[in-house]
1. Springs between alpha-carbon pairs under 10 angstrom, Gaussian network model over the chain: which of VAL73, VAL35, VAL60 fluctuates most?
2. At a threshold of 8 angstrom on Cα-Cα distance, excluding pairs fewer than six apart, so keeping six or more, what relative contact order does region 1-74 reach in percent?
3. Round to the nearest 10 and give me the degree value, 0 to 90, for the angle of helix 25-44's Cα axis relative to the longest principal axis of the chain.
4. How about LYS55: which lysines have a C-alpha closer than 17 Å to its C-alpha, ignoring those fewer than 8 places off in the same chain?
5. Give the carbon-plus-sulfur fraction of the accessible surface of the chain in %, rounded to a whole number; probe 1.4 Å, heavy atoms of protein chains only.
6. Run the numbers for GLN1 and LEU21: contour at 0.36 nm per residue of separation, minus the present Cα-Cα distance, in nm.
7. Averaged per residue, what accessible surface does the chain expose to a 1.4 Å probe, in Å²?
8. Any idea what diffusion coefficient the chain gets from Stokes-Einstein, in µm²/s, Kirkwood Rh on alpha carbon pairs, 10 °C, 1.306 mPa s?
Amino acid sequence: QQWYSSSMKVICMWLADRLDLQLHVYQLKTLIKIVKKTYRDFRLQGVLEGTLNSKTYDTVHSRLTVEEATVSVTDAGGLQGITMKDSDE
């Protein structure tokens, strides 16, 4: 649980440092993959939902979703099927 929380905090801080900058498509694709994989792996390991869906995770998820929407409008090549939307949804 501590490892998951620390990972999300680092990503959240990195995004906060770049709050006034739009992410490059490569950065966005990489972060989406990292966040989704981390979330899924720790969920499979039995980390509680309260820890997984923390305020930090919600902040990261919201920022990446906004960035994803911006890229989909401005870049025709876009994210090539990589999205924050979970395949379970």
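The values are calculated or read from the model by the stated rules, or taken from the named source; none is laboratory data. Just so we're clear, the structure is a prediction, and the values are computed from it rather than from any experiment. Just so you know, the surface numbers come from the protein's heavy atoms only, side chains and all, with ligands and any DNA or RNA stripped out. Shrake-Rupley method; radii C 1.70, N 1.55, O 1.52, S 1.80 Å.
1. Maximum among the listed residues: VAL73.
2. About 53 percent, as a whole number.
3. Between the helix axis and the principal axis of the chain, the angle is about 20 degrees.
4. Filter leaves LYS9, LYS36.
5. 57 percent
6. The GLN1-LEU21 span can extend by a further 4.2 nm.
7. I get 66 Å² per residue for the chain.
8. Reported coefficient: 117 µm²/s.
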